[in-house]
């Protein structure tokens, strides 16, 4: 099986793991609004408004899993010499968050939230988790 396909599967699973982690961090009040929620409500509100209100959370989550799969496919396409290093997966997860904060957020017009240190730590942790899942598949050739 091709590495991008395996990476896409791992990316979807990594995004699902983030969902579980975020359920805890939002439930505990550590995170006010997750990045996928902010994107949905600030960048594409017209698209979100087309989804019945009782299905919006699920639609946002499915979009997040799809993004996770796409990012995982890109990870799977990285050269073997990078994928073989255990720290590359978690660093990749953090790079995705940094890319959102530094580039994508501005491109799609999402306001920069004033996040407290514990909220930033929780979001960094869930991206580290994503990267650990994506980077954990067998690294042969």
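The values are calculated or read from the model by the stated rules, or taken from the named source; none is laboratory data. Quick caveat, the model's predicted, so the values are computed rather than measured. Reconstructed Cβ throughout: ideal geometry from the backbone, glycine too, with neighbour counts over all protein chains shown.
The table that follows gives values for the structure above.
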item: Residues located in segment 43-94, provided they are out of contact with any helix residue (DSSP H, G or I) (no Cβ under 6 Å at 6 or more places or on another chain), under 12 Å from residue 135 (Cβ atoms) and part of a helix (DSSP H, G or I); result: 83, 91
item: Qualifying residues in segment 21-33 (those that are touching a residue at least 24 places away in the same chain (Cβ under 8 Å) and either outside any loop (DSSP other than H, G, I, E, B) or under 14 Å from the mean Cα position of the chain (by Cα) (or both)) - the one surrounded by the fewest Cβ atoms within 10 Å (Cβ to Cβ); result: 33
item: Residue match in segment 9-20 (condition: loosely packed, with under 14 Cβ neighbours inside 10 Å, within 13 Å of residue 127 (Cα to Cα), at pLDDT 90 or above and over 10 Å from the mean Cα position of the chain (by Cα)); result: yes
item: Given (1) in contact with a helix residue (DSSP H, G or I) (Cβ under 7 Å, 6 or more places away or on another chain); (2) within 28 Å of residue 46 (Cα to Cα); (3) assigned to a helix (DSSP H, G or I), number of the condition residue 112 does not satisfy; result: (3)
item: Set 96, 110: member being buried (at least 17 other Cβ atoms within 10 Å of the Cβ) and over 12 Å from the mean Cα position of the chain (by Cα); result: 110
item: Close pairs from segment 115-141: first farther than 9 Å from residue 93 by Cα, partner loosely packed, with under 14 Cβ neighbours inside 10 Å and modelled with pLDDT under 90, Cβ under 6 Å, at least 6 apart; result: 139/84; 141/80
item: Evaluation of residue 105 against (1) modelled with pLDDT under 90; (2) surrounded by fewer than 19 Cβ atoms within 10 Å (Cβ to Cβ); (3) within 17 Å of residue 33 (Cα to Cα) (one fails), failing number; result: (2)
